[in-house]
Amino acid sequence: MDQPRMNPHRDDQQAMMPLITHLPKVELHLHIEGSLEPELMFHMAERNAVALKYASADAVREAYHFDNLESFLEIYYEACGVLRHERDFYDLTTAYLQRAHAQHVVHTELFFDPQTHTERGVPFATVISGIRRALVEGERTYGITSRLIMCFLRHLSAEAALDTLAQALPYREWITAVGLDSYEVGHPPSLFTEVFARARQHGFLTVAHAGEEGPAEYIWQALNLLHVSRIDHGVRCLDDDALVHELVSRQVPLTVCPLSNVKLGVFARLEEHTLRRMLQRGLCVTVNSDDPAYFGGYISENFVAAQQALHLTAPEIYQLTRNAIQAAFLPEAEKQALLDKAAVYQQQVVP
Ligand code: ADE
Ligand code: ZN
């Protein structure tokens with residue numbers, strides 16, 4: 001006798017879990033400082049004698065209720081105060097890579113925010129050396145390839161960004177691209193046209209957070225003034241049909257972060273997220289975790305939650321993965337190898 005079904009999508013969801021878990025994944029939007037789990041934060045606070053205003057890691061987690069990007073960033077920047085020494089940046093990055101490996105991430109492109117640290121007197125060299133040492137070791141240990149993207153904080157001045165670019169030049173070989181993050185509204189990409197032009201002259205690729213909370217106009221500016229290869233977030237593009245047309249025809253990748261968008265109130269509920277609609281319109285959308293220690297999960301949790309809320313199909317999950325591979329800052333041969341790897345897995349799991 002047939003069992004009554006409580007939820008018509010339950011079988012879909014159960015079939016999708018192993019698929020999402022084991023699929024080789026590429027992450028393109030991950031702030032390394034946003035992977036600082038409360039336990040590690042406490043450990044570093046103790047060894048660096050930094051006072052935290054919370055009594056325990058659980059109390060930290062309980063404080064993670066945000067109204068918007070601004071209320072999140074206040075807590076995020078404060079937590080970064082425990083990162084002082086090369087070893088702290090190494091431990092932070094190593095912890096992320098361990099989690100990424102457990103979730104079958106095969107390639108990751110990390111943001112780091114040097115100004116968050118140099119503003120507090122931590123040398124640029126300390127920050128990048130610790131991250132880099134962990135990435136090199138992560139490739140040796142886990143086979144995870146990586147790229148580093150240096151973000152300018154958009155609430156600081158264009159002059160400060162130029163100074164940061166100058167500090168980065170001795171490490172040119174370690175940094176693939178520059179990006180733009182922090183408080184979006186009121187800090188348009190246009191303010192950073194010159195520093196991005198200089199970065200491109202030095203051979204850096206460019207990306208920018210745009211259309212997370214800010215308007216579609218900021219996405220146009222990122223494309224036309226900063227000449228970005230990818231847009232980070234970009235969910236507000238749906239407000240502007242001409243922009244969607246442009247993004248689709250040029251296949252500009254959008255690094256979407258579903259759990260982040262709900263935690264920061266961009267969408268009230270995951271069920272209202274436009275990720276699936278964006279895919280259906282032909283946008284090159286990818287799924288990412290943004291600041292996983294703050295938003296309730298790493299890349300797999302983002303895939304699982306989005307699949308369940310939006311009833312994504314297996315072909316859509318594959319499309320998201322293929323998009324991320326295509327959008328990665330990797331040579332074509334390496335992208336093809338990853339596409340082949342994903343295709344083999346697809347054939348094995350879905351008959
Ligand atoms: N820095 C860390 N996470 C961010 C986000 N989601 N948006 C802008 N800046 C950030
Ligand atoms: Zn981000």
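Count, please, the residues in region 298-316 that happen to be in contact with a Pro (Cβ under 9 Å, 6 or more places away or on another chain) and crowded, with 18+ Cβ neighbours inside 10 Å.
Total meeting the criteria: 8.
Give region 226-260 a look and list any residue that's of a type in the set (S, T, N, Q) and closer than 23 Å to G297 by Cβ, or say none.
T255, S260
Does any residue of region 13-30 turn out to be more than 16 Å from ligand 1 (Cβ to nearest atom), in a loop (DSSP other than H, G, I, E, B) and either surrounded by 15 or more Cβ atoms within 10 Å (Cβ to Cβ) or at pLDDT below 95 (or both)? Checking region 13-30: at least one residue is more than 16 Å from ligand 1 (Cβ to nearest atom), in a loop (DSSP other than H, G, I, E, B) and either surrounded by 15 or more Cβ atoms within 10 Å (Cβ to Cβ) or at pLDDT below 95 (or both). Within region 238-255, the set of residues being within 18 Å of the chain's Cα centre (by Cα) and in contact (Cβ under 8 Å) with a residue 40 or more places away in the chain comprises P253, T255. Given the structure, is Y90 of a type in the set (F, W, Y), farther than 30 Å from A342 by Cβ, part of a helix (DSSP H, G or I) and within 16 Å of ligand 2 (Cβ to nearest atom)? Here the answer is no, as Y90 does not meet what is asked.
Please verify whether T116 is of a type in the set (V, I, T), buried (at least 18 other Cβ atoms within 10 Å of the Cβ), farther than 22 Å from Q167 by Cβ and touching a residue at least 24 places away in the same chain (Cβ under 8 Å), treating the condition exactly as stated. No: the conditions fail for T116.
Pairs are defined by a Cβ separation below 8 Å, a sequence spacing of at least 6 or placement on different chains, a first member in region 276-292 that is within 19 Å of D232 (Cβ to Cβ) and in contact (Cβ under 8 Å) with a residue 40 or more places away in the chain, and a second member that is part of a loop (DSSP other than H, G, I, E, B) and away from ligand 2 (no atom under 13 Å from the Cβ); the pairs so defined are C284/Q251; C284/V252; S289/G297; S289/Y298; P292/Y298. Only one of the numbered conditions (1) in a helix (DSSP H, G or I); (2) touching an Asp or Glu at 6+ places or on another chain (Cβ under 6 Å); (3) hydrophobic (A, V, I, L, M, F, W, C) is not met by C151, and that is (1).
Restricting to region 293-315, count the residues that are modelled with pLDDT under 95, part of a helix (DSSP H, G or I) and not aliphatic (A, V, I, L, M).
Summing the residues that are modelled with pLDDT under 95, part of a helix (DSSP H, G or I) and not aliphatic (A, V, I, L, M) in region 293-315 gives 1.
The single condition among (1) among the small types (G, A, S); (2) more than 16 Å from ligand 1 (Cβ to nearest atom); (3) in contact with a helix residue (DSSP H, G or I) (Cβ under 8 Å, 6 or more places away or on another chain); (4) at pLDDT 95 or above that S289 does not meet is (2). Please verify whether region 136-147 includes one or more residues that are surrounded by 18 or more Cβ atoms within 10 Å (Cβ to Cβ), in contact with a helix residue (DSSP H, G or I) (Cβ under 6 Å, 6 or more places away or on another chain), charged (D, E, K, R) and modelled with pLDDT of 95 or more. No, there is no match, as no residue in region 136-147 is surrounded by 18 or more Cβ atoms within 10 Å (Cβ to Cβ), in contact with a helix residue (DSSP H, G or I) (Cβ under 6 Å, 6 or more places away or on another chain), charged (D, E, K, R) and modelled with pLDDT of 95 or more. K25 fulfils the conditions (1) within 18 Å of the chain's Cα centre (by Cα); (2) among the basic types (K, R); (3) more than 24 Å from V106 (Cα to Cα) except for a single criterion, (3). The set of residues in region 81-113 being surrounded by fewer than 19 Cβ atoms within 10 Å (Cβ to Cβ) and within 16 Å of ligand 1 (Cβ to nearest atom) consists of G81 alone. What are the residues in region 143-201 that are under 24 Å from V105 (Cβ atoms) and among the acidic types (D, E), if any? If the condition is that a residue be under 24 Å from V105 (Cβ atoms) and among the acidic types (D, E), then E173, D181 are the ones that fit. Across region 248-272, the qualifying residues are those that are more than 23 Å from S182 (Cβ to Cβ) and in contact with a helix residue (DSSP H, G or I) (Cβ under 6 Å, 6 or more places away or on another chain), and the one among them that is surrounded by the fewest Cβ atoms within 10 Å (Cβ to Cβ) is E271.
Among the criteria (1) of a type outside the set (S, T, N, Q); (2) crowded, with 23+ Cβ neighbours inside 10 Å; (3) away from ligand 2 (no atom under 16 Å from the Cβ), the one A216 does not fulfil is (2). Here G297 meets each of (1) farther than 21 Å from C237 by Cβ; (2) without any contact (Cβ under 8 Å) to a residue 24 or more places away in the chain with one exception, condition (2). For region 49-80, a tally of residues being part of a loop (DSSP other than H, G, I, E, B) and either crowded, with 19+ Cβ neighbours inside 10 Å or of a type in the set (D, E) (or both) returns 3.
Does R172 satisfy the criteria of being of a type in the set (K, R), in contact with a Gly (Cβ under 8 Å, 6 or more places away or on another chain) and not in a strand (DSSP E or B)? It is true that R172 is of a type in the set (K, R), in contact with a Gly (Cβ under 8 Å, 6 or more places away or on another chain) and not in a strand (DSSP E or B).
Scanning region 233-259 for residues that are under 18 Å from T321 (Cβ atoms) and of a type outside the set (A, V, I, L, M), we see that the one that is farthest from ligand 2 (Cβ to nearest atom) is Q251.
The values are calculated or read from the model by the stated rules, or taken from the named source; none is laboratory data. Remember, predicted model here, so these are calculated numbers, not experimental data. With ideal geometry, Cβ positions are generated from the backbone for all residues, glycine too; neighbour counts draw on all protein chains shown.
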